[in-house]
Number of protein chains: 2
Amino acid sequence: MVQTSARLLKVLSLLQSRRFWAGGDLARELGVTERSVRRDVDRLRSLGYPVHAAGGVGGGYQLGAGKELPPLPLEDEEAVAVAVGLRVAASGPVKGLEEAAVRALGKLEQVLPKRLRRRVNALQAVSVRIGDTAPRVDAEALAVIANACRDEEVLRFDYSSREGTASARSVEPYRLVHTSYRWYLLAYDLDREAWRTFRVDRIGPGPRSGRSFKPRPLPSEDVAAYVSQAVSTEAYRFRARVTVQAPASVVSERLSGVAGRIEELDAERCLVHAGGDSLEALAFYFAWLGFEFEVHEPRELIEHLLRLSERLARAAQR
Amino acid sequence: MVQTSARLLKVLSLLQSRRFWAGGDLARELGVTERSVRRDVDRLRSLGYPVHAAGGVGGGYQLGAGKELPPLPLEDEEAVAVAVGLRVAASGPVKGLEEAAVRALGKLEQVLPKRLRRRVNALQAVSVRIGDTAPRVDAEALAVIANACRDEEVLRFDYSSREGTASARSVEPYRLVHTSYRWYLLAYDLDREAWRTFRVDRIGPGPRSGRSFKPRPLPSEDVAAYVSQAVSTEAYRFRARVTVQAPASVVSERLSGVAGRIEELDAERCLVHAGGDSLEALAFYFAWLGFEFEVHEPRELIEHLLRLSERLARAAQR
DNA sequence: GGGTCGCGGACAGATTCGGTCCGCGATGAG
DNA sequence: CTCATCGCGGACCGAATCTGTCCGCGACCC
């Protein structure tokens, strides 16, 4: 009967909504005998979910941490929180998690009721962004693209090239790669009949996935290497060279997340090469460090720092 | 048989792992006839999960967005991403979502296999924090506390008072409230036999939940109001008064997340009252605005800005 | 010691399940 | 246009399963 399976799902969900459930309560909640509850619990156990039980007064069933993760039943609010959290995670505050976050986001968005999707989008707007060396990537677009890759569906979108000219693209998406704080899409461009690497932040709003395609062999075994090579010519608007009066290890910890590399000069100083598209972001990263530093280039950054310094000095006057 | 229910769960999970599944493929994957697959799909539909189907060549089944959210089957990596994302969300980058995020986190942590928990904790460390008016709250502690509230379990922890004296507490936890960038726990202190409001960031590491208790009536109907009144005497280390040369609406948008309130002076200026425990954070927030501003108090902030301004000026020299 | 609560065997009847067989209709490629 | 593909669902039947009932056991806590 469908009833049995539905009940099983319900038990699973009940057990996750409250730590302890007495057999009798569960039975009442589910509208079956206690014996059936015991059987359901057994079934869950045989499915690999560790349900602990405590005897005596105040005892009950409790879902524990097992080897595998049970499917997570979420309330509306919680789902929204998960979606928002994943969008943050996908935009990269924590290294090495972006791809997984995007995959999870794809799964979630696929089944997210419309009313919740609206809430997520509304909340998304107010997210606080730090420094922002990374251009803002639309997390929903990211999810759409990730799903298109997974499902092998042709993707259409508008793309603005580095020079700012826009063009409509129609591609077979293969991989979404996250490197040095940017998202890239490795895809086969159907109109140009060639492999291309797209910067996701340059993809226009609302990419649409369409009919499915038969995947062709990738241009390289090592996709990450291929992409990073393809984009190595990619330049930031500004490249900064800055000497910081602090040990390289300290700086690298505090600058985690900035695109760039750090050279140790001596025990107390290091040279930071950082790339960014915004002077504000670059200035803040270094100011935020809290150490003395010296900018060698670019000139624009030096000028920006001077202006900022003057503004702060004015703020402190009275 | 357990088989049927297990299969149903598996179908649900398969349908979320790939967009399109042909009936034959599903049948092979599950080890049953195609007819049975159709029946399973029917069952899912009757459980409220909208499974769309497309006929013809290249057709297949597809899980759509329904009224309710199906339980989310997560891979290991994805679960870690969700946990990290939720921890970020719980620490409050997006308004009004913190409580839900903590609830979801509680659910997740309850069933998170140990190996994944370690990963989450490891990753948590490197999370980038902005400005940080909010003291760092241990997300795992938050989850433990939330679960203790939900499960009505006595909670023990070390608490350092405002003056810095530590004491061991044993309380009945009732509500976790998030206001103005801080977490508070409303609880009944069993030793002092009185209601108390605890700042979660002052709770020592590893709060432990114990035996369950019978809840007593709350001291007030409106818990949020009660707590906010109870903590109204709570002072920040620094209180700043700053005039900003920008419309109040713009400022309030960019300062979202800072504890404080904004008074409109005229169309082009507003007065911001902000509280914070760190001069760096306060300076950062106002500098980050990008507008001209003037600090009226505190003196420390003015001095800090001067020092910062000089440091930036030095950085720009060469 | 007694009450509470989880455990699980046994049994019987009702229900359901899954495989098989089959014809229908929609879709999309050639 | 035609054909192959693929989802749909009715019918049938034997096997498997589920549920409620009854009951004794053991653990735990007051």
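The values are calculated or read from the model by the stated rules, or taken from the named source; none is laboratory data. Bear in mind that the values here come from a model prediction, so they are computed numbers and not experimental data. Counting neighbours? That spans all protein chains shown, and the Cβs are built from the backbone with ideal geometry, glycine included. Keep in mind that these areas ignore ligands, DNA and RNA; they rest on the heavy atoms of the full protein, side chains included. Shrake-Rupley method; radii C 1.70, N 1.55, O 1.52, S 1.80 Å.
Side notes on the structure shown:
- Applying the criterion of being within 10 Å of chain B (Cβ to nearest Cβ) and touching a residue at least 60 places away in the same chain (Cβ under 8 Å) to the residues of the range A:281-318, the residue that is most open to solvent (accessible area, probe 1.4 Å) is A:288.
- Checking the stated criteria, residue A:102 turns out not to satisfy the condition of being within 20 Å of residue B:69 (Cβ to Cβ), in contact (Cβ under 8 Å) with a residue 12 or more places away in the chain, at the interface with chain B (Cβ under 7 Å from one of its Cβ atoms) and away from DNA strand C (no atom under 16 Å from the Cβ).
- Residue tally, condition outside any loop (DSSP other than H, G, I, E, B), open to solvent by 10 Å² or more (accessible area, probe 1.4 Å) and either within 23 Å of residue B:153 (Cβ to Cβ) or in contact with a Ser or Thr (Cβ under 7 Å, 6 or more places away or on another chain) (or both), over the range A:61-76: 2
- Qualifying residue in the range A:19-37 (condition: over 27 Å from residue B:80 (Cβ atoms), basic (Lys, Arg) and more than 9 Å from every other protein chain (Cβ to nearest Cβ)): yes
- If you go through the range B:144-167 and keep only what is open to solvent by 50 Å² or more (accessible area, probe 1.4 Å) and not hydroxyl-bearing (Ser, Thr, Tyr), you end up with B:150, B:152, B:156, B:158, B:162, B:163, B:164, B:166.
- Conditions (1) more than 23 Å from the chain's Cα centre (by Cα); (2) open to solvent by less than 50 Å² (accessible area, probe 1.4 Å); number of the one not met by residue B:198: (1)
- Search result, residues across the range B:22-59 that are within 7 Å of DNA strand D (Cβ to nearest atom) and open to solvent by less than 30 Å² (accessible area, probe 1.4 Å): B:23, B:24, B:41, B:59
- Matching entry among A:19, A:45 (being touching a residue at least 40 places away in the same chain (Cβ under 8 Å), outside the structural domain of residue A:139 (by TED's automatic domain parsing) and touching a strand residue (DSSP E or B) at 6+ places or on another chain (Cβ under 6 Å)): A:19
- Within the range B:87-109, being in a helix (DSSP H, G or I) and modelled with pLDDT under 85 holds for B:87, B:88, B:89, B:90, B:98, B:99.
- Scoring residue A:81 on the criteria (1) over 30 Å from residue B:41 (Cβ atoms); (2) at pLDDT below 85; (3) within 11 Å of chain B (Cβ to nearest Cβ) leaves a single failure, condition (2).
- Any hit, the range B:261-277, residues being modelled with pLDDT under 75, within 11 Å of chain A (Cβ to nearest Cβ) and either at negative phi or surrounded by 18 or more Cβ atoms within 10 Å (Cβ to Cβ) (or both): no
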